[in-house]
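The values are calculated or read from the model by the stated rules, or taken from the named source; none is laboratory data. Quantities reported herein were computed from a predicted structural model and do not represent experimental measurements. Cβ coordinates were reconstructed from backbone atoms using ideal geometry, including for glycine residues, and neighbour counts include every protein chain displayed. Just the protein is used for accessible areas: all its heavy atoms, side chains included, with ligands, DNA and RNA removed. Shrake-Rupley method; radii C 1.70, N 1.55, O 1.52, S 1.80 Å.
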Amino acid sequence: MDNHEHTAGAERVRHMKTNRTGVAGAPVYYRRSFLTRCLGLSGGIIVLAVNAEESSPIVWNPSEHSVFVEQALAMKDLAVKGGDQPYGAIVVKNGQVVGSGPSRVITGQDPTAHAEMEAIRDAAKRMGSRDLSGCILYSTSRPCRMCETAAYWAKISAMNFGETPVQAGKPEYGC
């Protein structure tokens, strides 16, 4: 079973969202639902995550998000055209793409060369630092435990995945 296959099916995605914890231990799914119902935040900007090292929150801007989803999908297309698995990812900081990566598991004969890992490696190299605080990871599917843990250690501030975007919150240590 491929590491990314666990994202298939809306029920599985819903289950993952309800089991992830957010602020004060509240599940992310219910927290978003609460914000939408009680605060009327159905269409505007929603605070996604706050990085303890930075004073400014990372905000959800739907129009900006679609541009980054398209770029992650372009990485997916690049992977497929190159003969690899259909996954792509990018890392964004302050509205600029600082890292990108298609899956290279098959073409590179490297089981750790998932798109998210490639994008994190690229971002760290381009920024000259392993500290990617303030960055957002966009990927075409839900990151596996290895990729989410790498994002955690890189101090990625938030993750989004899928063609119809799902906010996955701040990466957690998963190994």
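List of remarks:
- Residues of the stretch 91-132 classified as in contact with a Phe, Trp or Tyr (Cβ under 6 Å, 6 or more places away or on another chain) and in a helix (DSSP H, G or I), total: 1
- Residue 141 vs. criteria in contact (Cβ under 8 Å) with a residue 40 or more places away in the chain, within 16 Å of residue 100 (Cα to Cα) and small (Gly, Ala, Ser): yes
- For residue 160: the one exception among (1) touching a Phe, Trp or Tyr at 6+ places or on another chain (Cβ under 8 Å); (2) open to solvent by 10 Å² or more (accessible area, probe 1.4 Å): (2)
- Extreme residue, nearest to residue 154 (Cα to Cα), among residues of the stretch 93-133 that are out of contact with any Leu (no Cβ under 7 Å at 6 or more places or on another chain) and acidic (Asp, Glu): 131
- Just one of the listed residues (173, 138) is open to solvent by 60 Å² or more (accessible area, probe 1.4 Å) and among the aromatic types (Phe, Trp, Tyr), and it is 173.
- Any hit, the stretch 144-166, residues being more than 20 Å from residue 84 (Cα to Cα), of a type in the set (Val, Ile, Thr), at pLDDT below 95 and not in a helix (DSSP H, G or I): yes
- Within the stretch 52-90, considering residues that are open to solvent by 60 Å² or more (accessible area, probe 1.4 Å), of a type in the set (Gly, Ala, Ser) and part of a loop (DSSP other than H, G, I, E, B), the one modelled with the highest pLDDT: 56
- Of all residues in the stretch 91-124, those that are loosely packed, with under 14 Cβ neighbours inside 10 Å and acidic (Asp, Glu) total 1.
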